[in-house]
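The values are calculated or read from the model by the stated rules, or taken from the named source; none is laboratory data. A quick note: this is a predicted structure, and the numbers were derived from the prediction, not measured. Virtual Cβ from ideal backbone geometry, glycine too; neighbours counted across all protein chains shown.
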Amino acid sequence: MLEVEAGARTTVKFTLNGKAVKAEAEARMQLADFLRHVFKQYGTHVGCEHGICGACTVLVDGRAVRSCLIFAAQIEGATVTTVEGLAEDNGELNDLQMAFRTHHALQCGFCTPGILASATQFLNEHADASEHDIRDMLSGHICRCTGYTGIIEAISATAQNRKSRGQKNTSPEKDND
Amino acid sequence: MKPAAFKYVRADSIEEALSVLAKYGEDVRVMAGGQSLGALLNMRIVTPPIVLDINRIFVLSQIESGRTVMTGAMVRQADALSSGAIRRDVGLLAQALPHVGHYQTRNRGTLGGSVAHADPSAEIPLVLATLGGEIELRSVRHVRRVAAKQFFRSALVTGRGGDELITALHWPRTSSETETAFFEFAVRDGDFAIVAVACAFERRAGRMRLGFGGCGEVPQVVEVSAPSGINAKAVEEIARDLSKQLDYRSDLLASADYRRSLATVLARKAMVASIEKARAYA
């Protein structure tokens, strides 16, 4: 059992974008603030701070989650991927990011890091995503610039490109039990 | 906003969590997925002295299919959605889950957390009440099971004692003679439902259970004799009669009258959908 008194700090060890890291956090510190203010990873954006806007979405153990609704202390031992960790090893944009550029899937870019996190998990699970599926997944994000059309095109094009390249990007929907 | 300071306690076992609850009782807020509690903390709508994190109690993440289907309190909504046992044995839940929050919040949000939070428009409490399921509660004093019907007392108010932890939900298995349907209306997908209707139709017995969420403070379940076949007029009459028996609240989103109107329409749709499914066997 771990107990952290109000106002006290605890050391949190986890993997951030492939690197083992650790830092101290107060119990009430949101993961979003931990990433931004302690690790200076400003790619994770903070919008509403109550789980609605989706801007702060990051991957925790491969799953897209709101980093404003998880506390830093809760990610002990977890693997966190932010937008800073999506690019290829040589620093080039990955195929999903390139598609966002090609299809004008962003304007101001505030919502983009969160959407990229969601789309990363989503494409791993849905090789044959329909437009409806993509829209449904995107309902968890608010974009005020694009009207979503470019975003849907970018995600859809990435799915098609991965399929035609025969790249193994699917872990078929699995039963948990 | 940022939460007020709280003491964070992470339990590694049910016993540890129960000892914390026994010691501090009402001072504790239990955090499962945190998709509602996190927002309430951030907005300082709640400022509990202690937050008890149960995410590391892995035994609470199990799904077991026996006489009933048991889902541990920490089963994530996304995992329930991809569970073969739930799809097979608790079809109504599988139909309702895509309406719960968003893809991203289902990754984290849990079945038990939704039941503990008891939002009047929440789908998971509605399905549990409609199917006649039970909530398993544990404390250092005892283990007990409470029928969903008795558990939900009012909006955000449940029968959980201050020292109790919800450890599991028990879902009656849907028999092969039961057809189910789920419909809801929200301003946008993923928003809180203004009205949600769940329907379980027992073909042989000719009985239908209809559950209504979002209408009043708690899920309301009504049982009726099923109309014979899809007689549009008969279905419409039953839907009207049913919706007259329910309690409705008014809020910024919708008036009580509008909710009643939605309840009638959605009840009709749910009845028709389940009768149509049953027809495949006729």
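List of remarks:
- Residues of region B:224-231 include at least one that is in a loop (DSSP other than H, G, I, E, B), outside the structural domain of B:ASN107 (by TED's automatic domain parsing) and without any contact (Cβ under 8 Å) to a residue 24 or more places away in the chain.
- For region A:25-69, the set of residues classified as in contact (Cβ under 8 Å) with a residue 12 or more places away in the chain, part of a helix (DSSP H, G or I) and more than 8 Å from chain B (Cβ to nearest Cβ) consists of A:LEU31, A:ALA32, A:PHE34, A:LEU35, A:VAL38, listed by residue number.
- Condition broken by B:THR47, with the remaining ones in (1) without any contact (Cβ under 8 Å) to a residue 60 or more places away in the chain; (2) in a strand (DSSP E or B); (3) not aromatic (Phe, Trp, Tyr) satisfied: (2)
- Test: residue in region B:35-47 that is more than 20 Å from B:GLY162 (Cβ to Cβ) and in contact with a helix residue (DSSP H, G or I) (Cβ under 9 Å, 6 or more places away or on another chain): yes
- Only one of the numbered conditions (1) in a loop (DSSP other than H, G, I, E, B); (2) assigned by TED's automatic domain parsing to the domain that holds A:HIS50; (3) among the small types (Gly, Ala, Ser) is violated by A:ALA105, and that is (2).
- Candidates in region B:31-57 are the residues that are in contact with a Lys or Arg (Cβ under 8 Å, 6 or more places away or on another chain) and among the small types (Gly, Ala, Ser); of these, the one that is farthest from the other protein chains (Cβ to nearest Cβ) is B:GLY33.
- Verdict on A:PHE110 being surrounded by 14 or more Cβ atoms within 10 Å (Cβ to Cβ) and within 17 Å of A:GLY62 (Cα to Cα): no
- A single member of B:ASP241, B:ASP189 is within 14 Å of chain A (Cβ to nearest Cβ) and either over 20 Å from B:ARG87 (Cα atoms) or within 19 Å of the chain's Cα centre (by Cα) (or both), and it is B:ASP189.
- Scanning region A:120-143 for residues that are loosely packed, with under 15 Cβ neighbours inside 10 Å, in a loop (DSSP other than H, G, I, E, B) and touching a residue at least 24 places away in the same chain (Cβ under 8 Å) returns a single hit, A:ASP128.
- Filtered residues of region B:31-42 (kept if in contact with a His (Cβ under 6 Å, 6 or more places away or on another chain) and either modelled with pLDDT under 95 or not in a helix (DSSP H, G or I) (or both)): B:SER36
- Candidate set: region A:7-22, residues that are outside any loop (DSSP other than H, G, I, E, B) and without any contact (Cβ under 8 Å) to a residue 24 or more places away in the chain; chosen: the one nearest to the other protein chains (Cβ to nearest Cβ): A:ARG9
- Among all residues of region B:12-30, there is at least one that is surrounded by fewer than 23 Cβ atoms within 10 Å (Cβ to Cβ), in a loop (DSSP other than H, G, I, E, B) and either facing another protein chain (nearest Cβ under 8 Å) or in contact (Cβ under 8 Å) with a residue 40 or more places away in the chain (or both).
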